[in-house]
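Contents: one structure, followed by commentary.
The values are calculated or read from the model by the stated rules, or taken from the named source; none is laboratory data. From a predicted model like this one, the values you see are computed outputs, not experimental measurements. Backbone-built Cβ (ideal geometry, glycine too); neighbour counts: all protein chains shown.
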Amino acid sequence: MKSDFLKGIRDGIPICLGYLSVSFGFGILAVSLGLSILSAVGISLTNLTSAGQVAGVGIIAAGGSLVEMVLTQLVINIRYSLMGISLSQKLDGSFNTMHRMLASFGITDEIFAVAVSQKSVSPYYMYGLTVISALGWVSGTFLGAAAGNILPASVSGAMGIVLYGMFLAIIIPPAKKEKGVLAAVLIAAVLSTVFEYVFKSVSGGFAIIICSVLAAAFCAVFFPVPDEKEDET
Amino acid sequence: MSIIIYIAVMAGVTYLIRMIPFTLFRKKIKSPFFRGFLYYIPYAVLSAMTIPAIFYSTGNTATSLIGTVVAVVLAYFKLPLIVVALAASAAAFIFGLFI
């Protein structure tokens, strides 16, 4: 139990360091959109997700509706449902309902990737991974939000690209390997650009939903995924 | 609207998305369409969020463009996420010093 927790901490250190620098960018972004440091940290502490938070603070800043917020989070974060299903196959016997409800909070792309590569996963291993990763995510957000006001504009401006750089690093390698992913990426990018410049009245959150649902549905039909593929995200 | 409500809704939805399937689901999804849809949706979402927003991300189109090019090239060669992310930012910063 204790050793599982410590192993989780150890395995999570690279995630922690990665999160620290990426969430620094989120902190700067949130403050630049007019959120307080406390709000930015509160969002990171309760959400623990990059893309959903970036879209979320965009909606908050634009004064979007709660319906838009719910739908946007649903579409952006629905991948966690699939990861949860996948990971649930690897849980050991001590994973009762209570542990499942607690540990599910820590399902992120990176934590999932580390956990699912284990032979079996115990609750305390998940807690170790989650605690160390969240520590990086929340403290990075705080530092970014606090420094965003102090740093010269040239630095905080340049940090604004960090999260998008990470997103590109997630989508480009699989797009290189698989036609279906490449199609999904290109279709979504083209549609999103069309929304930005042509259908300007559609708010950002809804535009992301429409673009990604259309692109993913198209690819699901024309580039069917083989059986085991659903575990990799 | 109070920001607390936004954050609560955001966090609540995100948690339920994680918690419900992880806690209740014990079988595999059979529908090929739904499986494919769920497989492609993260890539489509990230792409739609990144393009064209990345071109405005630094507040300057020229430095954003340089950062984007660096990120695309490094990502193409499969460098770690954090390297790609920070190199894009560093490139934008350094280029910004000269314009």
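Miscellaneous remarks
- Here B:79, B:65 are screened, and the one residue that is surrounded by fewer than 22 Cβ atoms within 10 Å (Cβ to Cβ), under 19 Å from the mean Cα position of the chain (by Cα) and either outside any helix (DSSP H, G or I) or in contact (Cβ under 8 Å) with a residue 40 or more places away in the chain (or both) is B:79.
- The set of residues in the range A:88-112 being surrounded by 15 or more Cβ atoms within 10 Å (Cβ to Cβ), facing chain B (nearest Cβ under 7 Å) and either touching a strand residue (DSSP E or B) at 6+ places or on another chain (Cβ under 7 Å) or assigned to a helix (DSSP H, G or I) (or both) consists of A:88, A:100, A:101, A:104, A:105.
- Residue B:57 falls short on exactly one of the conditions (1) among the hydroxyl-bearing types (Ser, Thr, Tyr); (2) more than 7 Å from chain A (Cβ to nearest Cβ); (3) closer than 24 Å to residue A:42 by Cα, and that condition is (2).
Residues are listed down the side, and each one gets a yes or a no for (1) touching a helix residue (DSSP H, G or I) at 6+ places or on another chain (Cβ under 8 Å); (2) surrounded by 23 or more Cβ atoms within 10 Å (Cβ to Cβ):
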{"site": "A:164", "(1), (2)": "yes, yes"}
{"site": "A:171", "(1), (2)": "yes, yes"}
{"site": "A:176", "(1), (2)": "yes, no"}
{"site": "A:179", "(1), (2)": "no, no"}
{"site": "A:186", "(1), (2)": "yes, no"}
{"site": "A:199", "(1), (2)": "yes, no"}
{"site": "A:204", "(1), (2)": "yes, no"}
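- Close contacts from the range A:135-158, counting a first residue that is polar (S, T, N, Q) and a second that is modelled with pLDDT of 80 or more and part of a helix (DSSP H, G or I), with Cβ to Cβ under 6 Å and a gap of 6+ residues or different chains, come to A:141/A:23; A:141/A:26; A:141/A:27; A:141/A:40; A:141/A:41; A:141/A:44; A:154/B:96; A:156/A:28.
- Among the residues listed as A:132, A:171, the single one being of a type outside the set (Gly, Ala, Ser), facing chain B (nearest Cβ under 7 Å) and assigned to a helix (DSSP H, G or I): A:171
- Matching entry among A:48, A:17 (being buried (at least 22 other Cβ atoms within 10 Å of the Cβ) and under 24 Å from residue B:80 (Cβ atoms)): A:48
- Selection status of residue A:63, farther than 18 Å from residue B:41 by Cβ and in a helix (DSSP H, G or I): no
Every residue, every condition in (1) under 30 Å from residue A:37 (Cα atoms); (2) modelled with pLDDT under 90; (3) assigned by TED's automatic domain parsing to the domain that holds residue A:13, yes or no:
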{"position": "A:140", "(1), (2), (3)": "yes, no, yes"}
{"position": "A:153", "(1), (2), (3)": "yes, yes, yes"}
{"position": "A:164", "(1), (2), (3)": "yes, yes, no"}
{"position": "A:195", "(1), (2), (3)": "no, no, no"}
{"position": "A:206", "(1), (2), (3)": "yes, yes, no"}
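- Set A:71, A:82: member being part of a helix (DSSP H, G or I) and surrounded by fewer than 19 Cβ atoms within 10 Å (Cβ to Cβ): A:71
- Checking residue A:115 against (1) touching a residue at least 60 places away in the same chain (Cβ under 8 Å); (2) more than 8 Å from chain B (Cβ to nearest Cβ); (3) crowded, with 23+ Cβ neighbours inside 10 Å, the condition it does not meet: (1)
- Scanning the range B:18-27 for residues that are within 16 Å of residue A:108 (Cβ to Cβ) and either assigned to a loop (DSSP other than H, G, I, E, B) or modelled with pLDDT under 95 (or both) gives B:21, B:22.
- Output for the range B:64-96, where each listed residue is out of contact with any Ser or Thr (no Cβ under 8 Å at 6 or more places or on another chain), farther than 20 Å from residue A:23 by Cβ, at pLDDT 95 or above and at the interface with chain A (Cβ under 7 Å from one of its Cβ atoms): B:72, B:76
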